[in-house]
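Here is the structure we will look at, set down as structure tokens.
The values are calculated or read from the model by the stated rules, or taken from the named source; none is laboratory data. Quantities reported herein were computed from a predicted structural model and do not represent experimental measurements. Cβ placement follows ideal geometry from the backbone for every residue including glycine, while neighbour counts extend to all protein chains displayed.
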Amino acid sequence: MFPDILKKGIAIIFAGCLASFLIIEGLIISQMHVASPDNLDYLIVLGAQVYKNGPSPVLKFRLDKAYEYLSVNPETRCIVTGGQGSNEPFTEASCMADYLVKRGIDSGRIILEDKSTTTAQNLTNSMKLISADTINHAPDSNTTNTIGILTNDFHMFRAMQIARAQKIPNAYGISCGSTKVYLPNNMFREYFAEIKFLLKQLTKHFQ
């Protein structure tokens, strides 16, 4: 049989893991329905899987929400993000742009960020494009842009954490739905993605 000290150690580890799981899942849930103010300067739509016949269900939720926001805020410009994965027929950004244009959004309002492969890269590259676009459209402006970050409900908490880590100013979350049958699995996966993010931030802190 296990020694008592080993049993206690296992119990403590289990309790710690359970507590961290409950806390992180609670934080994810707390951000699942956030909405941003109207008339943002830019809307960043985070990328997700695309197929030969168009966006995946996860990405379609994001694009439908983006269409909804852009339709009622005609001055907002949109950054669609995502490069081409090894299992994707084209870049996520190009698929997203095509989808929005077909729905009636003016292509002149859409900027493609088609190099990134992670959420962090989505945001980093988008901010560079926003800086360049601001200079082109308002070279004398000294104001800080307001920016919406749009993603699915289960991904919203971590996306905004990444935005804060990158010190993106005036950033607002815009949450959209997701396929309910896959939500428990997506939230479970987000727990491990969050642990990975926290460990990475901790490593940077001690470097």
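Here are a few things to note about the model shown:
- Each residue in the range 93-117 was checked for being surrounded by fewer than 17 Cβ atoms within 10 Å (Cβ to Cβ), among the charged types (D, E, K, R) and under 15 Å from Leu43 (Cβ atoms), and 3 pass.
- Qualifying residue in the range 118-129 (condition: within 23 Å of Phe197 (Cβ to Cβ), β-branched (Val, Ile, Thr) and in contact with a Leu (Cβ under 9 Å, 6 or more places away or on another chain)): yes
- Qualifying positions in the range 1-35 - of a type in the set (S, T, N, Q) and out of contact with any Ser or Thr (no Cβ under 8 Å at 6 or more places or on another chain): Ser20, Ser30
- If you go through the range 74-128 and keep only what is touching a strand residue (DSSP E or B) at 6+ places or on another chain (Cβ under 6 Å) and charged (D, E, K, R), you end up with Arg77, Glu88, Glu92, Arg109, Glu113.
- Scanning the range 36-62 for residues that are more than 12 Å from Ser175 (Cα to Cα), in contact with a strand residue (DSSP E or B) (Cβ under 8 Å, 6 or more places away or on another chain) and small (Gly, Ala, Ser) returns Gly47, Ala48, Ser56.
- A single member of Val58, Val80 is modelled with pLDDT of 95 or more, in a strand (DSSP E or B), on the phi < 0 side of the Ramachandran plot and among the aliphatic types (A, V, I, L, M), and it is Val80.
- Any hit, the range 123-137, residues being surrounded by 14 or more Cβ atoms within 10 Å (Cβ to Cβ), aliphatic (A, V, I, L, M), modelled with pLDDT of 95 or more and touching a helix residue (DSSP H, G or I) at 6+ places or on another chain (Cβ under 8 Å): yes
- Long-range neighbours under 7 Å by Cβ, at least six apart or interchain, first residue in contact (Cβ under 8 Å) with a residue 40 or more places away in the chain and under 21 Å from Leu70 (Cβ atoms) within the range 102-131, second of a type in the set (Asp, Glu) and assigned to a strand (DSSP E or B): Asn122/Glu113; Asn125/Glu113; Ser126/Glu113; Leu129/Glu113
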